[in-house]
Amino acid sequence: MEPVKPILEFKKTCVSYTRQTMAVKYVSAAIERNTITAIMGPSGCGKSTLLRAANLMHNLYPNIRVDGEILLNGENILAMQPIDVRRKVGMVFQRPAPFPTMSIYDNVLSGFTLNGISLSKSERDATVERCLRSVALWDEVKDVLNKKGTFLSGGQQQRLCIARALAMKPDVLLMDEPTSALDPIATAHIEELMQELQKEVTILIVTHNMGQAMRISSKSMFMYLGELVEYGDTATMFSNPSDERTKAYLTGKMG
Amino acid sequence: MNDKLYRGFLFIAALVVPVVCGGVVYALVTDAYEAFEYFGFFRFLTSSEWSYTDGAEQYGALPFITGTLMTTLLALVFCIPFSLPVALFVGEYFRDTQVAAVLGTVTDLLAGIPSIIYGLWGFYTLRPVIMALDISEQGSGILTASLVLAIMITPYASSLSAEFIKMVPNDLKEGAYSLGATHAEVVRKVVFPVAGSGIFSSYVLAIGRALGETMTVTMLIGNTNNIPESITSTGNSMASVIANQFGEASDLRLSSLIAIGLVLFLITALINMVGKIMIKRARIS
Ligand SMILES: Nc1ncnc2c1ncn2[C@@H]1O[C@H](COP(=O)(O)OP(=O)(O)OP(=O)(O)O)[C@@H](O)[C@H]1O
Ligand SMILES: [Mg+2]
């Protein structure tokens, strides 16, 4: 059987914030299409740094260096225009941050407005409904679409931010601790949602919550001090980690 | 005992401020009363006659209210195209860089120059240029005063706006970038709208400064007592007419000048209050 072509592949990816130190060291990993991959590891091990490399967020800060290769559908994104990459690789941040000057409706469409893409009224309405439905927010907000996004609860705001990212129909969705600022109910909501979304989009999620990783991800990465220590099936990693450091972390003896 | 004395001293010191303020207002009102009574409050504000021929004295504030509004608004028009880019430069594009720090220092320096110096510069450098360009014959006038006023309020407006531009959360900007926006789009569609109310209030406070600026305007506006016909005409602002004429004025004319001062005081206080309230709101949100 021919192996499935990965949608995203890190090849000896290195990221350094300063000349002397590397925050991410020679990470190589291939991410399969339509999977959820959890990235775990102690605080400061480079999870966010790795994630942000995948949509060229580091390009915003001229002092940060990214080396190696990151392939998206076989093409090295480090040689591509950041704008093109970011439209294909969406991102959801730790703290929900809908645009405060825009309505809920406009927030969902912000990817288009920001890029100067104009849609017809019917396309706009359809996109808003589709995206809000896919984050299970439609029924809650359909009557208040003109209200500011910041009026929503934290969990709703985060779902709005996911909807905003989905509107661009990305291939990959990067999520950096998307539920760490939310209560258990809102978290459960978003976890459920990610299982659904998996059909449309490949998800990489950074999480400190091992229960969450177990519940939602099929693959897991364990990082330590900037290195990718272990990468494989989530079930296997939790039941039978191959590295001592992974074991120590998962059993609560580290970080 | 000692503590009581200390508190008493603080109390008295704190009391001085409102007392002085009240005193100023009281003096303005009593001294302006004669003019308001003689001409009528509303007619005083809307009359454009300003003649001090004995026996046929006629004083109206309209030419100076017009002069003040024209110089202030024109100064704002000239100021925005400079201060906004400077604010963006310092607050966004070159934020936290050496260049921005240098520019910030120079801006602060400009803000600290006494207005007489600006007046001199305007009179001896800008006025000849205006004459050479054939914009106006005498060189001085509304336009000349407004240009120098604009330079004077630019540092203030730009450093205040830059502060609001800097306050736009990085979360929001990264959110916009993550959707594929370019820097220019992020500035236009996220930074400006979010910092908008703060930037607006910066300009309100800048207007507050321009309204009362006296020395520079007096030196450059041409000091004529009729309503300016165009921006190249000469005129007088509320502040400059007082500065020009208070020395030689007495009785009804003096009272009229003080009445203009009272109106200026009220307008400036109002604008500053509105600006401060808006700034506070913008900072909180
Ligand atoms: N902007 C930055 N400038 C300099 N160093 C940074 C910067 N951001 C992160 N680092 C460093 O890079 C390393 C990795 O940081 P990163 O944020 O990727 O960790 P993380 O695994 O996401 O941690 P956490 O679980 O706390 O979010 C850390 O040592 C951190 O101090
Ligand atoms: Mg992190």
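From its DSSP helices (H runs of at least four residues, each -39,500 (n - 2.57)), chain A gives a residue-normalised ellipticity at 222 nm of -9500 deg cm²/dmol.
Which peptide among A:236-245, A:4-13, A:35-44 comes first, and what is the full order, when sorted by highest mean count of other Cβ atoms within 10 Å?
A:35-44, A:4-13, A:236-245
Just going by the charge dipole of segment A:104-191, with Lys and Arg at +1 and Asp and Glu at -1 on Cβ, which of A:SER120, A:ALA165, A:PRO178 is farthest out on the positive end? The residue sitting most towards the positive pole is A:SER120. Find out how many positive minus negative residues lie around A:ALA38, taking Lys and Arg as positive, Asp and Glu as negative, among other residues whose Cβ is under 14 Å from that of A:ALA38. Here the charged neighbours net out to -3.
Assigning unit charges at the beta carbon (Lys, Arg +1; Asp, Glu -1) and nothing else, what dipole magnitude in debye, to the nearest 20, does segment B:65-284 show about its Cα centre?
It comes to approximately 540 debye.
Ordering B:SER237, B:LEU133, B:VAL86 by Cα displacement along the dipole of segment B:65-284 toward the positive end leaves B:VAL86 in first place; charges were set at the Cβ atoms of Lys, Arg (+1) and Asp, Glu (-1).
Net length available on complete extension from A:ALA126 to A:ASN76 is 14.7 nm, with 0.36 nm assigned per residue and the Cα-Cα distance removed. Span-like helix check, chain B: qualifying full DSSP H segments, with Cα axial length of 18 Å or more and mean Kyte-Doolittle of -0.5 or more, are B:2-39, B:62-88, B:98-111, B:142-166, B:192-212, B:251-284. The B:THR97 and B:LEU266 beta-carbon pair, evaluated with R₀ = 35 Å, returns a calculated FRET efficiency of approximately 0.20. About the centre of its Cα atoms, the protein assembly as shown shows a dipole size close to 1440 debye [charges on the beta carbon of Lys, Arg (+1) and Asp, Glu (-1) only; nearest 20 debye].
Between B:SER230 and B:ARG7, what is 0.36 nm times their sequence separation minus the Cα-Cα distance? Round to one decimal in nm. Please report the intermediate quantities before stating the final value.
Working: separation 223, 0.36 × 223 = 80.28 nm, distance 5.72 nm.
Extra length available between B:SER230 and B:ARG7 comes to 74.6 nm.
Here the translational diffusion coefficient of the protein assembly as shown follows from Stokes-Einstein with Rh set to the Kirkwood radius across Cα pairs; for 25 °C and 0.890 mPa s it amounts to 88 µm²/s. Peptide B:179-191 has a mean of 6 when you count, residue by residue, the C-beta atoms of other protein chains within 10 Å of its C-beta. In a simple Cβ point-charge model (Lys, Arg +1; Asp, Glu -1; nothing else charged), segment A:6-81 has a dipole of about 260 debye relative to its Cα centre.
Sorting A:173-181, A:209-217 by their mean Cβ neighbour count within 10 Å, with the most densely packed peptide first, gives A:173-181, A:209-217. What pairs in A:LYS121/A:LYS142; A:LYS47/A:LYS253; A:LYS148/A:LYS169; A:LYS88/A:LYS142; A:LYS199/A:LYS247; A:LYS5/A:LYS25 have C-alpha atoms more than 21 Å from each other? From the list (A:LYS121/A:LYS142; A:LYS47/A:LYS253; A:LYS148/A:LYS169; A:LYS88/A:LYS142; A:LYS199/A:LYS247; A:LYS5/A:LYS25), the Cα-Cα distance tops 21 Å for A:LYS148/A:LYS169; A:LYS88/A:LYS142; A:LYS199/A:LYS247; A:LYS5/A:LYS25.
Note on A:110-120: average number of Cβ atoms from other chains within 10 Å of each residue's Cβ is 4. Give me the net charge of B:PHE192's neighbourhood, meaning all other residues with Cβ under 14 Å from the Cβ of B:PHE192; Lys, Arg count +1, Asp, Glu -1. Cβ neighbours under 14 Å give a net charge of +2.
Could you work out the local net charge near A:SER48, counting Lys and Arg as +1, Asp and Glu as -1, over the other residues with Cβ closer than 9 Å to its Cβ?
0
Taking each residue of B:163-175 in turn, how many C-beta atoms of other protein chains fall within 10 Å of its C-beta, and what is the average?
3
The residue list B:SER51, B:HIS183, B:GLY22 was ranked by how far each Cα lies along the charge dipole of chain B toward its positive end, using unit charges on Cβ atoms, and B:HIS183 comes out on top. Principal-axis analysis of the Cα atoms of chain A puts helix A:121-134 at an angle of about 50° to the longest axis. The number of Lys pairs in chain B with C-alpha atoms less than 21 Å apart, excluding pairs fewer than 8 positions apart on the same chain, is 4.
Between 0 and 90 degrees, the angle of helix A:184-197 with respect to the longest Cα principal axis of chain A falls at about 90 degrees. Each label was represented as a point 7 Å from its Cα along the Cα-to-Cβ direction; for A:GLU69 and B:SER47 these points are 8.8 nm apart. By the rule of a C-alpha distance below 19 Å, with chain neighbours fewer than 8 residues away ignored, the aspartates and glutamates paired with A:LYS147 are A:ASP106, A:ASP125, A:GLU129, A:ASP139.
Which whole-number percentage describes the relative contact order of segment B:65-284, with Cα contacts under 8 Å and a sequence gap of 6 or more?
Relative contact order, segment B:65-284: 28 percent.
Geometric descriptor of segment B:65-284, per residue, is 128 Å³ (volume of the convex hull of the Cα atoms).
Would you calculate, for chain B, the mean residue ellipticity at 222 nm contributed by helices, counting each DSSP H stretch of 4 or more residues as -39,500 (n - 2.57) and dividing by all residues, to the nearest 500? The per-residue figure over chain B is -24000 deg cm²/dmol.
Looking at the protein assembly as shown, the DSSP beta bridges with both ends there are about 55 percent antiparallel. Nearest 10 degrees, 0 to 90: what angle lies between the long axis of helix A:154-166 and the longest principal axis of chain A (Cα atoms)? That works out to roughly 90 degrees. Put the Cα centre of segment A:127-144 next to the Cα centre of segment B:1-79 and the gap is 57 Å.
Bear in mind that the values in this text are calculations on the coordinates, not laboratory data. Since the structure is predicted, the reported quantities are computational estimates derived from the model, not experimental observations. Note that each Cβ is placed from the backbone with ideal geometry, even for glycine, and that neighbours are counted across all protein chains shown.
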